[in-house]
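The values are calculated or read from the model by the stated rules, or taken from the named source; none is laboratory data. Please read all numbers here as calculations on a predicted model, not as lab measurements. All Cβ positions, glycine included, derive from the backbone under ideal geometry; neighbour counts span all protein chains shown. Calculation scope for accessible area: heavy atoms of the full protein, side chains included, ligands and nucleic acids excluded. Shrake-Rupley method; radii C 1.70, N 1.55, O 1.52, S 1.80 Å.
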Amino acid sequence: MKTSPDVIEAAPAADSPSSATLGGDNKRSIEQFALLLFIVVPFLALVAAVPLTWGRGVSWLDLGLMVAMYFIGCHGITIGFHRYFTHGSFKAKRPLRIALAVAGSLAVEGPLVRWVADHRKHHRFSDAEGDPHSPWRFGETLPALMKGLWWAHIAWMFDEEQTSQQKYAPDLIRDPAIRGISRHFLSFTILSLAIPPLVGGLVTMSWWGAATAFFWGSLVRVALLHHVTWSINSICHAVGKRPFKSRDKSGNVWWLAVLSCGESWHNLHHADPTSARHGVMKGQIDSSARLIRWFEKLGWATDVRWPDAARIESRRHPAEADAA
């Protein structure tokens with residue numbers, strides 16, 4: 001199965017499976033409204049979270065649910081949607097393939113097939129014309145960059161020009177199980193938002209426990225994960241160290257590493273997109289790579305594309321290689 005963004009398969013014939021996401025390539029008005037709702041409401045919850053921490057609005061159960069749901073969704077995106085489905089960094093046994101698709105869907109970042117299609121297109125045109133979310137879209141002056149950062153962070157998702165899923169993700173559309181998970185994104189969104197209040201309510205046997213668990217484990221968690229993920233598109237393409245050769249402006253942003261599950265070591269990723277590990281230098285935390293290693297040891301993942309020393313050195317900038 002070829003999943004590299006540099007090798008895009010031809011569009012399938014007319015009798016191929018139909019588009020695998022809600023609304024197909026074009027977002028309908030109801031989808032645009034729902035997208036706005038899922039951006040604004042969790043963000044308001046995130047803003048309200050700070051003063052609530054000083055009152056009775058949080059408990060260890062709430063924080064535990066928030067952290068657990070955050071990292072399930074985050075690794076579902078980083079390992080599943082990104083490193084596996086988009087770039088083919090490893091091969092997965094069927095149960096792991098399904099589990100990663102479901103875990104990524106719980107992050108509430110859009111249907112799987114649409115997510116992958118957008119990201120493959122991003123790599124094909126990274127920080128150039130055609131990139132769906134480059135912060136350099138409007139130029140390199142400070143005002144242009146400020147506008148570009150907003151575009152790369154949020155605004156691009158409302159753009160009417162949509163990525164062709166048939167062109168950029170035909171391999172996923174051909175898989176009935178993956179197509180079904182992608183089509184039922186709304187159901188997984190409801191499930192993702194319902195788990196924390198259900199657990200919180202049952203553990204505390206109270207409506208208040210359910211309410212605070214929903215606030216922290218659902219709303220705050222989704223908002224935080226969204227903004228961390230979007231920061232990879234915006235911040236990591238505007239600032240950060242660039243020790244490796246890439247044809248774009250991707251950079252490494254260390255302070256996002258833990259919350260992004262290793263995705264903010266973004267310069268190496270764009271220098272070597274199929275690498276299963278992004279944090280390849282000493283001290284670079286990459287929890288996604290650690291979990292992939294565990295999957296490999298358990299026999300759930302095979303043919304993992306681990307970067308060796310020679311491959312890493314070949315991608316360094318000459319000055320960096322001399323310094324090393």
Problem set entry | Radius, Kirkwood style, for segment 185-224 when every pair of distinct Cα atoms is counted (Å) | 9.8 Å
Problem set entry | Unit Cα scatterers, Debye sum, segment 125-187: log10 I(q)/I(0) for q = 0.15, 0.22, 0.28 Å⁻¹ | -0.61, -0.90, -1.11
Seminar exercise, completed: Listed by chain and number, the residues whose amide H is under 5 Å from that of R316, excluding neighbours fewer than 5 places away on the same chain and using placed H, are K245
Problem set entry | Per residue accessible area of segment 149-227, 1.4 Å probe, in Å² | 44 Å²
Exercise. Could you give the length gained on full extension between R124 and W294, defined as 0.36 nm per residue of separation minus the Cα-Cα distance, in nm?
Worked result: 58.2 nm
For this session: Determine the share of segment 178-243's accessible area contributed by carbon and sulfur atoms, expressed in whole percent, with a 1.4 angstrom probe.
Result: 79 percent
Seminar exercise, completed: Over all Cα pairs of segment 187-324, the Kirkwood radius sets Rh, and Rg/Rh then becomes 1.11
Seminar exercise, completed: segment 73-142 accessible area per residue, 1.4 Å probe, protein heavy atoms, integer Å², reads 30 Å²
Problem set entry | Under-5 Å amide H pairs with K241, H placed in peptide plane, nonlocal only | N252
Problem set entry | Nearest-10 value in Å² for the accessible area of F214, using the 1.4 Å probe | 80 Å²
For this session: Take the Cα atoms of segment 54-98, build their convex hull, and give its volume per residue in Å³.
Result: 84 Å³
Problem set entry | Surface accessible to a 1.4 Å probe, E313 within the full protein complex, Å² | 80 Å²
Exercise. How large is ³J(HN,Hα) for each residue in segment 202-212, as worked out from phi by the Karplus curve 6.51 cos²θ - 1.76 cosθ + 1.60 (θ = phi - 60°), to whole Hz, x for Gly and Pro?
Worked result: 6, 5, 8, 6, 8, 5, 5, x, 5, 5, 5
Exercise. Once segment 110-161 is represented by equal point scatterers at the alpha-carbon sites, with solvent omitted, what log10 I(q)/I(0) does the Debye formula produce at q = 0.15, 0.17, 0.31 Å⁻¹?
Worked result: -0.39, -0.50, -1.21
Problem set entry | Distance in nm between pseudo-label sites at K282 and T204 (7 Å out along the Cβ direction from Cα) | 4.7 nm
Seminar exercise, completed: The alpha-carbon center of segment 186-263 and that of segment 104-147 are separated, in whole Å, by 18 Å
Exercise. Given the protein chains as shown and a 1.4 Å probe, how many square angstrom of R311 are accessible, to the nearest 10?
Worked result: 90 Å²
Seminar exercise, completed: tail above 22 Å in the computed P(r) of segment 142-237, as % of all Cα-Cα pairs, reads 55 percent
Problem set entry | Test item: Cα-centred dipole of segment 187-297, Lys/Arg +1 and Asp/Glu -1 on Cβ, debye | 400 debye
